[in-house]
1. Working out 0.36 nm times the residue gap between Ser292 and Thr100, then minus their Cα-Cα distance, what length gain in nm do you get to one decimal?
2. Rounded to whole Å, give me the distance from the Cα center of the stretch 103-141 to that of the stretch 250-293.
3. Arrange Asp114, Asp98, Asp467 by Cβ neighbour counts within 10 Å, fewest through most, would you?
4. For the pair Thr364/Ala350, report the inter-label distance in nm, with labels modelled 7 Å from Cα in the Cβ direction.
5. Could you sort out which of Lys194/Lys300; Lys351/Lys489; Lys217/Lys351; Lys300/Lys489; Lys217/Lys403 sit more than 25 Å apart by Cα distance in this structure?
6. Exactly which chymotrypsin sites (Phe, Trp or Tyr not before Pro) in the stretch 350-458 are in a DSSP loop and have at most 11 other Cβ atoms within 10 Å?
7. In which sequence would Glu305, Glu66 go, from the one with the fewest C-beta neighbours within 10 Å to the one with the most?
8. At Thr131 and Asp418, where each label point lies 7 Å from the Cα along Cα→Cβ, what is the point-to-point distance in nanometres?
Amino acid sequence: MSEHGPMIFPGVRTSVRTDIRDRLRKIARLFPLSLVCTACLFMSSCPGSTETMQTVSGGPSVLIVETTGDRTMLLQTLPSVSFATGGNSSGLVITVDDTTLYQQMDGFGGSLTDSSAWLIWNKLSASQQTTLMQELFSPSGGIGISFLRQPMGATDFSASGNYSYDDMPSGQTDPNLTSFSVTHDAAYIIPLVKQALSINPNIKVVALPWSPPAWMKSTGTMNGGNMNTAYFPSLAQYFVDFVQAYQQQGIPIYAVSVQNEPLYSTTGYPSEYLAASDESTFIASNLGPALSTAGLGQVKIFAYEHNWDNTAYPESALGSSAAQYLAGSSFHCYAGDPSAQSTVKAAFPAKDIWFTECSGITSTSFAGDLVWNAEHLLIGATRNWARSVSLWNLALDQNSGPKNGTCSNCRGVVTIDDSVAPANVTFNVEYYILGHLGKFVLPGAHRIESNTFGAGSIEDVAFQNPDGSIVLLVLNSASNAGAFTVSSKGQSFNYTLPAGALATFSWK
């Protein structure tokens, strides 16, 4: 009945099993194979199925969601399988062990940048906006985004050009921040963040500047240059005022970073060079004490916030007097590899790791990006201690904008094409990447032990949710279909994953 042998119904007497087999054979002669498949999928593998599925009763039922590089399946729910005792292994064996816990997860998401929020607010109809927000943030009706990394002021993606929360005319300063205001964000950023929180109250919001106000810098500009360290007390108060202003709007701030990509200063968009020693001094002497004095000591502080290719910077901060205020360090994907996170974790095991930015680009393929993102971010970052996986713009338009910088081919999690009316929303590979964990791994989950087989083979990572349910993400990064067995608590099931495909398995 199957290329993998006869179907087995354990716990049923042999004569009854024979009768069931005979009846199914009669059905197969009378009806097309596809109809037989529809009926038998609920019991076991169909005739001609490419997956090997054990059917021994008694084990947990496993929900399966799959995405393939050819897009024939996009977060597609497939017939469930069940764990079974005994049976033959199929290829590689992934053993999931929920008795070994690693880092606790905060969430998966991206950024409602000024450009992203402006597009969602201004270019979609009310019904389109409501639908998209559900598709982004709802764990049941969407991909369950639970982590928002929000810019404090302008970035390279701003529909408003450059702005901070305390802009002054050229040559003027405001060290006491008498002009501080988040009014700019009240137009569309704050309403959308509040809407996201209403859909998914578990969202954690992290905030950071791409540049302080221009008057705080030696160049007097937001684009590039260095901090004038004499304004460190003012910058610390700037953070306090921001956190308080957002709290007053009903948006709690979970964590802050001092500076986005502090080793990259460019005149092309808001940015700033900030040496590791200066960041450490600012946190130790200004930011940490200011937050504590304001009763905001629960707000975490992340060090570094730059690429995997530099571990000296975060280690310098974590080894300095700033350490008492630091929750850990955060990383981006644009150079190096995820193992850098483990290097820093090994040096400072009491401090945590977050992965906070990676942008897609329009010149790559869906299939290639599915594998790369799954391998380096969903699996690579989390197996190297990341508590979050956050991409970049949640939405950009058909021209990779609105742009306020130099990236001409950046891609959002979704694309809003406003060249047509009504605007058209397209889900990009990043949407499905986030969904494969965001829908299933809840904030507060722990990564748990599982073995993996490395690039070019079956790769995986496993989690246990607060309710005890298990989530296993498996990528087949090989060029051929890959058979494997998942084993847990003495039971197992077999599965075959197409080349370049990604699957999430979840069970109680």
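1. So the chain would gain 65.7 nm between Ser292 and Thr100.
2. 26
3. Asp467, Asp98, Asp114
4. Distance between label points: 3.7 nm.
5. In this structure, Lys351/Lys489; Lys217/Lys351; Lys300/Lys489 exceed 25 Å between Cα atoms.
6. Of the chymotrypsin sites (Phe, Trp or Tyr not before Pro), not one in the loops of the stretch 350-458 has a Cβ with at most 11 other Cβ atoms within 10 Å.
7. Glu66, Glu305
8. That separation, rounded to one decimal, is 1.9 nm.
Computed from the coordinates by the stated procedures, all read-outs in this text should not be read as laboratory data. Computed from a predicted structure; not experimentally measured. Don't worry about glycine lacking a Cβ; one is built from the backbone with ideal geometry, like all the others, and counts go over all protein chains shown.
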